[in-house]
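What follows is a set of notes on a single structure, which appears directly below.
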Amino acid sequence: MNSINRHIFLAGFCVITLSVARLAAQVNADGRDKTEKVAEVLAALEATSGKRIADVGSGDGFYAVRIARAVAPNGHVTAVDVDSKTVAKLRAQLGSEKIKNADVVLGSSADPKLSPGSYDAILVYNAYHEISNHVAVRRALFGALKPGGRIVVIEALHDNLQEAPREVQLKDREISPLNVGIELTEVGFSVIDVRPQFVPFTDPKHKGGYWLMIAIKPKPTKKL
């Protein structure tokens with residue numbers, strides 16, 4: 001094989017390899033859309049055009065991308081994470097997905113750094129249990145919502161940990177809807193929906209699954 005043909009072959013091989021990688025990533029994303037019931041998560045958030053939504057503990061940006069598309073063209077999503085490397089990857093991910101209606105914020109352990117009274121909804125997906133200064137963060141999340149706004153929390157829980165103390169659940173990086181409901185209520189939220197088996201675990205050896213909770217920030221009562 002002469003050098004010209006070799007370069008042509010290598011270029012073609014790289015294109016094919018990249019295409020296969022992109023296809024695999026798309027298949028994986030499509031699988032998550034189905035297994036994690038993304039459409040139902042977006043519905044729980046009421047993620048429609050024009051809404052402003054925060055994704056707290058955004059991680060790889062999977063939900064931030066989908067929220068951004070759901071609220072386009074006039075809505076906006078803020079993706080928050082406390083890890084600087086993750087934030088850098090988030091910005092790159094949003095750029096590669098050509099998402100224009102999003103920003104990325106580096107939060108802290110005590111403050112997600114969201115503008116007060118600015119958001120219609122907040123998603124905390126599998127991240128609530130990671131919050132160390134949870135009292136301060138709960139208050140900040142409550143303050144960031146508009147009156148009537150909502151928070152959607154999704155977390156994993158094995159059946160054998162349902163009645164366990166909070167600290168025991170956290171050791172397994174889990175937390176119960178009972179504990180979260182109490183904690184959200186303490187800062188002013190009203191819980192309006194709990195789905196204990198939103199996404200059951202697929203491994204038969206593990207009993208339990210991901211639960212979903214919706215809580216709202218009440219609107220001020222009108223004085224007569």
Those residues of segment 88-120 which are touching a residue at least 24 places away in the same chain (Cβ under 8 Å) and polar (S, T, N, Q), in sequence order: Gln93, Asn101, Ser108, Ser109, Ser115, Ser118
Odd one out for Asp33, checked against (1) surrounded by 21 or more Cβ atoms within 10 Å (Cβ to Cβ); (2) assigned to a helix (DSSP H, G or I); (3) under 15 Å from the mean Cα position of the chain (by Cα): (1)
Test: residue in segment 137-147 that is touching a Phe, Trp or Tyr at 6+ places or on another chain (Cβ under 6 Å) and outside any helix (DSSP H, G or I): yes
Top-ranked residue of segment 170-186 - restricted to ones that are polar (S, T, N, Q) and assigned to a helix (DSSP H, G or I), ranked as surrounded by the fewest Cβ atoms within 10 Å (Cβ to Cβ): Thr185
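Conditions (1) among the small types (Gly, Ala, Ser); (2) in contact with a Leu (Cβ under 8 Å, 6 or more places away or on another chain), marked per residue:
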{"position": "Ala156", "(1), (2)": "yes, no"}
{"position": "Ala164", "(1), (2)": "yes, no"}
{"position": "Gln169", "(1), (2)": "no, yes"}
{"position": "Gly209", "(1), (2)": "yes, yes"}
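Give segment 150-169 a look and list any residue that's part of a helix (DSSP H, G or I) and under 22 Å from Glu36 (Cβ atoms), or say none.
Asp159, Leu161, Gln169, listed by residue number.
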Single residue of segment 191-224 satisfying the filter (crowded, with 16+ Cβ neighbours inside 10 Å and part of a loop (DSSP other than H, G, I, E, B)) that is modelled with the highest pLDDT: Lys217
So Leu157, is it in contact with a helix residue (DSSP H, G or I) (Cβ under 8 Å, 6 or more places away or on another chain), more than 26 Å from Thr78 (Cβ to Cβ) and in the same structural domain as Thr48 (by TED's automatic domain parsing): yes
Number of the condition not met by Ser118 [criteria: (1) modelled with pLDDT under 95; (2) polar (S, T, N, Q); (3) in contact with a strand residue (DSSP E or B) (Cβ under 8 Å, 6 or more places away or on another chain)]: (1)
All positions within segment 42-68 that are within 23 Å of Gly107 (Cα to Cα) and charged (D, E, K, R): Lys51, Arg52, Asp55, Asp60, Arg66
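Of everything in segment 108-133 that's surrounded by 20 or more Cβ atoms within 10 Å (Cβ to Cβ) and either touching a Gly at 6+ places or on another chain (Cβ under 7 Å) or not hydrophobic (A, V, I, L, M, F, W, C) (or both), which residue is nearest to Ile67 (Cα to Cα)? Outline the logic, then answer.
First, the residues of segment 108-133 that are surrounded by 20 or more Cβ atoms within 10 Å (Cβ to Cβ): 112, 114, 119-125, 128-129, 131.
If we keep only those that are either touching a Gly at 6+ places or on another chain (Cβ under 7 Å) or not hydrophobic (A, V, I, L, M, F, W, C) (or both) too, we end up with 112, 119-121, 124-125, 128-129.
Working: Pro112: 18, Tyr119: 13, Asp120: 12, Ala121: 11, Val124: 13, Tyr125: 13, Tyr128: 19, His129: 22 Å.
Of everything passing the filter in segment 108-133, Ala121 is nearest to Ile67 (Cα to Cα).
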Residues (in a loop (DSSP other than H, G, I, E, B) and modelled with pLDDT of 95 or more) located in segment 76-97: Val82, Asp83
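The values are calculated or read from the model by the stated rules, or taken from the named source; none is laboratory data. It should be emphasised that the depicted structure is a prediction, and the values quoted were computed from it without experimental measurement. Quick reminder, even Gly has a Cβ in these numbers, built from the backbone with ideal geometry, and neighbours come from all protein chains shown.
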